[in-house]
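Notes for the one structure printed next.
The values are calculated or read from the model by the stated rules, or taken from the named source; none is laboratory data. Given the structure is predicted, the values throughout are model-derived calculations rather than measurements. When we count neighbours, we look across all protein chains shown, and the Cβ atoms used for this are built from the backbone with ideal geometry, even at glycine. Keep in mind that these areas ignore ligands, DNA and RNA; they rest on the heavy atoms of the full protein, side chains included. Shrake-Rupley method; radii C 1.70, N 1.55, O 1.52, S 1.80 Å.
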Amino acid sequence: MPIAGMINSKLRNTIAIAGLLFTEFLVVVLARDIYLNGLHMYTLGASSPEITTPAKFIFPVRIILEVDSMNIFMALISSTIALIAAIYSMASMKKETGQDKFYFLTLLLVSGMLGMEMTGDIFNMFVFLEIASISGGALVAFRTRYADSPEGGLKYIVVSAIAGLMVLFAIGLLYSQYDLLNIAALANAIQYTTLDKIALALLAMAFLMKLGSVPMHMWLPDAYSVAPTAITVILLANSQASMYALFRTCFSLFGLTMNVNTLGWMLIILGVLSMFIGVTMAVLQRDIKRLIAYNCICESGFMLLGVGVGLAVLDNPTALATYGFQAMTGGIFHMVNHALFEGLLFLAAGVIFHRIGTRNLNEMGGLGHGLKFTAVLFLLGAFASSGLPPLNGFASKILIYESVYHFNPVLAIIAVIVSIITLAIFVKVFFSAFTGQMLPKFKEIKEAPKPMMISMTILSGIIILFGLFPGIVVDWLAHPAVNALINQASYINAIIGGR
Amino acid sequence: MVILESGYAFWNPIIWVIALATVMILALYFRSRGQKNYKKGTAQTKIFLCGEDVPEPELGHIKASNVYWGFLETLKDYYYAILKPQTGIINDLALWFVLLLAIGAIVILATGAGAVAK
C-alpha cells in the first residue's frame, strides 16, 4: 500500500478495492463449494491437507484452516462488509492524510478478521484476534486531530489486550493438559476438568467483552463513535467475529461435555441485559454514532438470546428440534442482518458527519431537504433494525420471538418491547436530523459523494433482498451454519478424520 | 425462497407487500378526493399556530435532547442507576470484566459437567 501510494493514490485505492473484491469472489466461490461438498480443510506448510498429525508428533503442529458452513457464513459477512466499507472510504477518507497507512491497516484488520473466522487452530485464532485488535485500535485512533479519537483507540486496544491475554491464558490451560491446539482435536480429547472449566469461563468472558456485551460494553460506543465511519462498519463485523469465536468455543470446542444449560442461560441473561440496557441507553444519546453504537449492543443481545436458547437446550433433542434450532437460526440470521442494517445506519450517519462536520443531533435539523437519498436509506436501515416488515430485521426477529416464546415467554416479551423502543430511538434521530424546516446553515448542503451512495445502495439492496426472500439466507446459509455448530461430532470427525 | 417457516407459523413478505401497496393506493385515492379549491399563498395554506407567528426554523425545531423528555423524566431513577457505573474510565471496565469473569467461573465450576462428560 505505501509503495502504491507513493506512485499514485488512485492506484493504491484501486489495489485495496481490487484485493477486497477478489477476496469476496474467493469467499463466494468457496461458499458454493462448501454448500455442495461440505467442510474444507487446508494445512499451511504441508503438501497435503491430510498430513495433520505426523507420526513423530503427538499433536498437529501446523496451522490448519478449516471452513465449514458456519465459518463461511462469517467470512461472507466480513468480506462483504469490508468491501462496501472500502468503497465508502474512497470518498469519506479523501481529504485525510496518511491514507497509505489507513488502507494498509484496513487490509490487516480484514485479514485478522477472516483469519479468526477460518482457522481451525485455537492459538492461531488468538494470533488473528491480536492482528485484528492492533490494527483496529490504530484505525479507531486514526483521526488524531479529534481529541476523542485517541481516547477511543486507547480503550479499544486496552479491552482487546485484556481479552487477548485471557484467551491466551485459557489456551495455555488447555495446551498444558492436552498438548493440543487444534479445536477439533481438543474437542475430541477434552475431559472438562476444573482447568477446562476455568478456560471456558476465560474464553467466554473474553469474547463477550470483545463483542460488547453488557456490562462489558462501555468501550464500544467510545470506539465506534470516533472511528472513521468505514472502520466503524468493519469493526461491527469484527465484533461479530468475536461472537463467532464465542459460539465456536461453546458448541464445537466444549459442546455437550460442559453444562450447556448453565452457559446457555448465561448467554441469555447477558443477551437480555444487552438488549434492554443497550436500547435504553440509546434513547439518551445526542451523538448519532454513539446512539447507533448502543443500538449495536442491543442487537447483539438478540443474537446472544437466540443462540443462547439453542445452547441451553442442546442436550435435549426434543426441545432442540421443537424450538432450539429455530432460535439459533434466528440468532445466526440476525448476525448477517445486523451487519447490514447497522452498517447502513453508520454509513448514513457518516454522510451527515462528512457534510456538516458534527455528530451532535442537537445541531441538526431539516437535513432531509438536502440529503434526500441519505434520509430515505437511513429510514430503511432504521426500519430494518426495528424489525419492521417486510425488511430483513423482521425476518430474523420473528424467528427469535416465536422460538424464544416457547422456551420462556417473558424473554420473548422483553425482545418485542426492546424492538419497539428501537423504533422509538430511530424516530428521534430521523425527526431531529432529517425533518423540519431546513436550517439556514444547511442551505448549501449537498447529497453524499458517489462512492458513499454506491456503498449505501448496495447495503440497502441486500437488506430489501433478504427481507423479501428470507429463505435464501435461512435455507442456504443460516440452517447449514446452525447444523455445523450443533453437530460437534461431525465437526470433530471431519477434521480429525482428515477429510 | 420467499416463505419463511418458523415451525409454528409462516411469513410471506410478498403478501405483506401486496397488502401494503393496496392500503397505500387506497390512501392516495382518498387523498385525491379531498378539497382542491383552496387558494395557495393565502392564509388558507399558511401554518396556523394559535394565532402566533411561526418561529424561525432554528427556534421552531425541537432538538434531540428535548425529544422523549417525559420518558426520560419518568425513568430518571433507572437512568441514574445504569449511568452511575458507566464512568468511561477504563479501570472500571476492567473491574467489570474481572467481576463477570469471577461470577462466570464460579457458576461454571459449581454446576458440574454436561451430558457427555468423559
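So here's what we get for this one:
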| item | result |
| --- | --- |
| Answer residue from segment A:273-294, given it is among the β-branched types (Val, Ile, Thr) and buried (at least 23 other Cβ atoms within 10 Å of the Cβ) and is farthest from the other protein chains (Cβ to nearest Cβ) among those | A:Ile292 |
| From A:Gly120, A:Gly153, residue being away from every other protein chain (no Cβ under 13 Å) and of a type outside the set (A, V, I, L, M, F, W, C) | A:Gly120 |
| Subset of segment A:170-199 [within 8 Å of chain B (Cβ to nearest Cβ) and touching a Ser or Thr at 6+ places or on another chain (Cβ under 7 Å)] | A:Ile190, A:Tyr192 |
| Qualifying residues in segment A:249-262 (those that are at the interface with chain B (Cβ under 7 Å from one of its Cβ atoms) and touching a residue at least 24 places away in the same chain (Cβ under 8 Å)) - the one farthest from A:Gly120 (Cα to Cα) | A:Val260 |
| Test: residue in segment A:344-353 that is out of contact with any Leu (no Cβ under 7 Å at 6 or more places or on another chain), surrounded by fewer than 22 Cβ atoms within 10 Å (Cβ to Cβ) and more than 13 Å from A:Met453 (Cα to Cα) | yes |
| Any hit, segment A:448-456, residues being surrounded by fewer than 23 Cβ atoms within 10 Å (Cβ to Cβ), among the hydroxyl-bearing types (Ser, Thr, Tyr) and at pLDDT 95 or above | no |
| For B:Ala105: the one exception among (1) surrounded by fewer than 12 Cβ atoms within 10 Å (Cβ to Cβ); (2) in a helix (DSSP H, G or I) | (1) |
| Subset of segment B:1-48 [among the aromatic types (Phe, Trp, Tyr), at pLDDT 90 or above and farther than 20 Å from A:Ile400 by Cβ] | B:Tyr29, B:Phe30 |
| Residue satisfying condition, being under 29 Å from A:Phe431 (Cβ atoms) and within 7 Å of another protein chain (Cβ to nearest Cβ), within set B:Tyr38, B:Tyr68 | B:Tyr68 |
| Residue in segment A:431-447 that is modelled with the lowest pLDDT, counting only those that are buried (at least 16 other Cβ atoms within 10 Å of the Cβ) and part of a helix (DSSP H, G or I) | A:Phe442 |
| Condition check for A:Ala163: assigned by TED's automatic domain parsing to the domain that holds A:Leu21, surrounded by 24 or more Cβ atoms within 10 Å (Cβ to Cβ) and over 18 Å from the mean Cα position of the chain (by Cα) | no |
| Tally of residues being part of a helix (DSSP H, G or I), among the hydroxyl-bearing types (Ser, Thr, Tyr) and either modelled with pLDDT of 95 or more or open to solvent by 40 Å² or more (accessible area, probe 1.4 Å) (or both) across segment A:133-155 | 2 |
| Verdict on A:Ala204 being more than 21 Å from A:Gly308 (Cβ to Cβ), of a type in the set (A, V, I, L, M), buried (at least 24 other Cβ atoms within 10 Å of the Cβ) and within 14 Å of chain B (Cβ to nearest Cβ) | no |
| Extreme residue, surrounded by the most Cβ atoms within 10 Å (Cβ to Cβ), among residues of segment A:295-326 that are closer than 30 Å to B:Ala81 by Cβ and more than 18 Å from the chain's Cα centre (by Cα) | A:Val309 |
| Test: A:Ala245 is in a helix (DSSP H, G or I), more than 27 Å from A:Glu130 (Cβ to Cβ) and aliphatic (A, V, I, L, M) | no |
| Residue that is farthest from A:Ala147 (Cα to Cα) [pool: residues in segment A:361-375 that are within 14 Å of chain B (Cβ to nearest Cβ) and open to solvent by 50 Å² or more (accessible area, probe 1.4 Å)] | A:His369 |
